[in-house]
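All of the numbers you see were taken from the coordinates with simple rules; none came from a lab. All values reported here derive from a predicted model rather than from experimental measurement. All Cβ positions, glycine included, derive from the backbone under ideal geometry; neighbour counts span all protein chains shown.
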Amino acid sequence: MTQAPTSNDACLSIVHSLMCHRQGGESESFAKRAIESLVKKLKEKRDELDSLITAITTNGAHSTKCVTIQRTLDGRLQVAGRKGFPHVIYARIWRWPDLHKNELKHCKFCHYAFDLKQDSVCVNPYHYERVVSPGIGKIPLCEGVSPGIGKIPL
């Protein structure tokens with residue numbers, strides 16, 4: 001097993017290591033650009049960068065600090081021409097590739113969660129839990145459909 005990088009390592013090696021842990025929901029090029037952007041923003045905040053590296057390379061096995069970036073005016077982050085909420089982007093990359101933006105809830109110990117509306121936003125994917133409404137994905141789109149008859153209103 002290779003040693004995880006630290007904040008003292010070059011951005012490129014940190015990005016390469018973090019890319020190895022992505023879940024595959026986003027395209028490789030999008031994930032790489034998003035991770036590069038994050039690592040560059042955190043290069044001056046070494047303790048937070050180390051927290052991110054630890055969180056990702058251990059799959060959240062160790063408790064880590066908030067990993068924060070500056071909140072934008074509309075709360076979204078632009079990567080490769082696409083806008084999205086930063087905590088959702090990184091949660092998709094490293095934890096839940098099929099995540100929807102309304103399925104995240106911050107953990108109680110997260111001080112800079114997106115919902116807390118502070119100047120900084122925590123993007124540590126292990127500071128959020130996925131909450132899926134009961135029954136989502138189990139509700140038939142239309143009941144009582146018979147071939148040739150059409151849809152019967154619910």
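Structure notes:
- Global form of the stretch 65-119, assessed from the alpha-carbon gyration tensor, a/c cut-off 1.5: oblate
- The lysine pair count for the stretch 21-128, using Cα distances under 19 Å and pairs eight or more places apart or on different chains, is 18.
- Neighbourhood net charge (12 Å Cβ-Cβ; Lys/Arg +1, Asp/Glu -1) for Leu52: +2
- Cα-based shape type of the stretch 1-58, given that a ≥ b ≥ c are square roots of the gyration tensor eigenvalues and the cut on a/c is 1.5: oblate
- Cα gyration tensor shape for the stretch 1-115, rounded if a/c is under 1.5, else prolate or oblate: rounded
- Radius 12 Å from Cβ of Gly75, net charge of other residues (Lys, Arg +1; Asp, Glu -1): +2
- In the stretch 30-86, GluC sites (Glu not before Pro) in a DSSP loop with at most 11 other beta-carbon atoms within 10 Å: Glu44
- Each of Ser29, Ser13, Ser51 has some number of other Cβ atoms within 10 Å of its Cβ, and from fewest to most they run Ser29, Ser13, Ser51.
- Take every Cα pair under 8 Å whose residues are at least 6 apart in sequence, average their separation, divide by the length of the stretch 53-121, and the relative contact order is 32 percent.
- The stretch 1-141: relative contact order in percent, alpha carbon pairs under 8 Å with at least 6 residues between: 23
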